[in-house]
Amino acid sequence: MKTAAFLMLLCQAAPATAVEACKPSAVNLNTARTAELARLPGIGESTAAKIVKARPFSQSYDLVKRRIVTTATYQQIRDKVCAQ
């Protein structure tokens, strides 16, 4: 139990990871409107709303880490999105 508490404290104290760069054509997960996110393959209105609610993201893979999208869906959109 003490180890788990220490690890949680350590994770909270760790410096933030670098923000990933966005390609000009990429959809920024941190600024895109729900409608723009919903146009991505495999992302509908419901998932787009979850993305907006879960902001901010430091990297696009946070979508999978936070269980907002599946790995399969992420594979479809990874080259179309970024987090900046």
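The values are calculated or read from the model by the stated rules, or taken from the named source; none is laboratory data. All of these numbers come straight from a predicted model, not from anything done at the bench. Note: ideal-geometry Cβ built from the backbone for every residue, glycine included; neighbour counts use all protein chains shown.
Some notes on this structure:
- Inspection of region 10-24 finds no residue satisfying the criterion of being surrounded by 10 or more Cβ atoms within 10 Å (Cβ to Cβ), at positive phi, part of a loop (DSSP other than H, G, I, E, B) and modelled with pLDDT of 50 or more.
- Subset of region 32-57 (residues that are under 10 Å from the mean Cα position of the chain (by Cα), surrounded by 15 or more Cβ atoms within 10 Å (Cβ to Cβ) and assigned to a loop (DSSP other than H, G, I, E, B)): F57
- Residue check: S60 meets all listed conditions (1) assigned to a helix (DSSP H, G or I); (2) among the small types (G, A, S); (3) within 11 Å of V81 (Cα to Cα) but one, namely (1).
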